[in-house]
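*Asks:* Structure incoming, see below.
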Amino acid sequence: MTRGRIVLLVGGLLVAALVASLAFPHGPTRRLLSAVAHYECVLSPADAGAAGGAVALGDSITAGDHFEALDIGADTSWFDVLACRDDSPVTYLGNHGVPGEESGEILARVDAALAREPGRVFVLAGTNDVREGRTSGSLDDLTAIATAIRAAGAEPLFATLPPSDAFPAETAAFNEELLAWAGREEVELLDFWTPLADEDGTFAEGMSTDGTHPSAEGAAVLADVAAAALG
């Protein structure tokens, strides 16, 4: 085989691998390509303790396509969208969303988020608990998270779960538990369900690309909800 043919073959294989990798919405290639490099607030987060400082704790819904290796924000992360707007009511201190985590795992990372000395901590947890059918201890985890945030002198802001195409009834039931829990604990609870949900509890058209994670349009809607709650 000539050198030219080898180069063409290798090039073809690389292109094929790139195309194949794009089939995975949360794979590294797709995440890098969808990263929004102009999110300056993510590229240069404010110093710890900055006025109006906020962090977010959660799973992949909070992380979005945030590309950690380059610390680039993404338009599928509702928190990155919220914090990087020109008129944002918060100052970006860090996105602590980690894909796949359940509420207990998020609880274990609270101290790392609080090390940034935020004034507000957004928490979106429970989607993976519902998916795995392990919600019996979830509210206790959320209580512990809220307690730790308050002990650090910050304001906790929790949110209901967005819709789910795979677990609509289970997600709706968990959200009802969240509403009752928030009342007992006297914590702010943002409504991340209603503006994205269809009548059957699945995502409304255009609000998700995979039935689990908000699309860029859906993330922008959730950012609006969070901004409105802050006045």
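*Asks:* Please go through the stretch 83-106 and give me each residue that is acidic (Asp, Glu) and at pLDDT 95 or above, ordered by number. Steps first, answer last, please.
*Replies:* Of all residues in the stretch 83-106, those acidic (Asp, Glu) come to 86-87, 101-102, 105.
Hits for the stretch 83-106 are GLU101, GLU102, GLU105.
*Asks:* Which residue pairs have Cβ atoms closer than 6 Å, lie 6 or more positions apart in sequence or on different chains, and pair a first residue in the stretch 215-229 that is within 18 Å of ASP86 (Cβ to Cβ) and touching a residue at least 60 places away in the same chain (Cβ under 8 Å) with a second residue that is of a type in the set (Ser, Thr, Tyr) and crowded, with 17+ Cβ neighbours inside 10 Å?
*Replies:* Taking only residues 6 or more apart or on different chains, the pairs are ALA216/THR76; ALA219/THR76.
*Asks:* Report the residue count in the stretch 134-158 for those that are polar (S, T, N, Q) and surrounded by 16 or more Cβ atoms within 10 Å (Cβ to Cβ).
*Replies:* Applying the first criterion (polar (S, T, N, Q)) to the stretch 134-158 yields 135-136, 138, 143, 147.
Next cut, surrounded by 16 or more Cβ atoms within 10 Å (Cβ to Cβ) only: 135, 138.
Summing the residues that are polar (S, T, N, Q) and surrounded by 16 or more Cβ atoms within 10 Å (Cβ to Cβ) in the stretch 134-158 gives 2.
*Asks:* May I ask you to say which residue of GLU188, GLU105 is touching a strand residue (DSSP E or B) at 6+ places or on another chain (Cβ under 6 Å) and either closer than 30 Å to ASP47 by Cβ or among the hydrophobic types (A, V, I, L, M, F, W, C) (or both)? Lay out the reasoning, then the answer.
*Replies:* On the way: GLU105 fails: touching a strand residue (DSSP E or B) at 6+ places or on another chain (Cβ under 6 Å).
One residue alone meets the criteria, GLU188.
*Asks:* Give me the pairs, please: first residue somewhere in the stretch 41-52 and in the same structural domain as VAL121 (by TED's automatic domain parsing), second residue anywhere and assigned to a loop (DSSP other than H, G, I, E, B) and modelled with pLDDT of 90 or more, beta-carbon distance under 6 Å, and either six or more positions apart or on two chains.
*Replies:* Between residues of the stretch 41-52 that are in the same structural domain as VAL121 (by TED's automatic domain parsing) and residues that are assigned to a loop (DSSP other than H, G, I, E, B) and modelled with pLDDT of 90 or more, the close pairs are ALA48/ARG116; ALA48/GLU117; GLY49/GLU117; GLY52/VAL90.
*Asks:* Go through (1) at pLDDT below 95; (2) out of contact with any Asp or Glu (no Cβ under 6 Å at 6 or more places or on another chain) for GLY73 and report which single condition fails.
*Replies:* If we test GLY73 against (1) at pLDDT below 95; (2) out of contact with any Asp or Glu (no Cβ under 6 Å at 6 or more places or on another chain), just (2) comes out false.
*Asks:* Are any of the residues in the stretch 185-201 buried (at least 22 other Cβ atoms within 10 Å of the Cβ), under 23 Å from LEU82 (Cβ atoms), at pLDDT 95 or above and hydroxyl-bearing (Ser, Thr, Tyr)?
*Replies:* There is no residue in the stretch 185-201 that is buried (at least 22 other Cβ atoms within 10 Å of the Cβ), under 23 Å from LEU82 (Cβ atoms), at pLDDT 95 or above and hydroxyl-bearing (Ser, Thr, Tyr).
*Asks:* Here is a follow-up. Looking at the stretch 165-174, can you tell me whether even one residue there is modelled with pLDDT of 95 or more, out of contact with any strand residue (DSSP E or B) (no Cβ under 9 Å at 6 or more places or on another chain), closer than 22 Å to VAL110 by Cβ and assigned to a helix (DSSP H, G or I)?
*Replies:* Scanning the stretch 165-174, I find at least one residue that is modelled with pLDDT of 95 or more, out of contact with any strand residue (DSSP E or B) (no Cβ under 9 Å at 6 or more places or on another chain), closer than 22 Å to VAL110 by Cβ and assigned to a helix (DSSP H, G or I), so the answer is yes.
*Asks:* Could I ask something else about it? Taking the stated definitions as given, is GLU177 acidic (Asp, Glu) and at positive phi?
*Replies:* On the way: acidic (Asp, Glu): yes; at positive phi: no.
Here the answer is no, as GLU177 does not meet what is asked.
The values are calculated or read from the model by the stated rules, or taken from the named source; none is laboratory data. Nothing here was measured: the structure is a model prediction, and the numbers come from that model. Quick reminder, even Gly has a Cβ in these numbers, built from the backbone with ideal geometry, and neighbours come from all protein chains shown.
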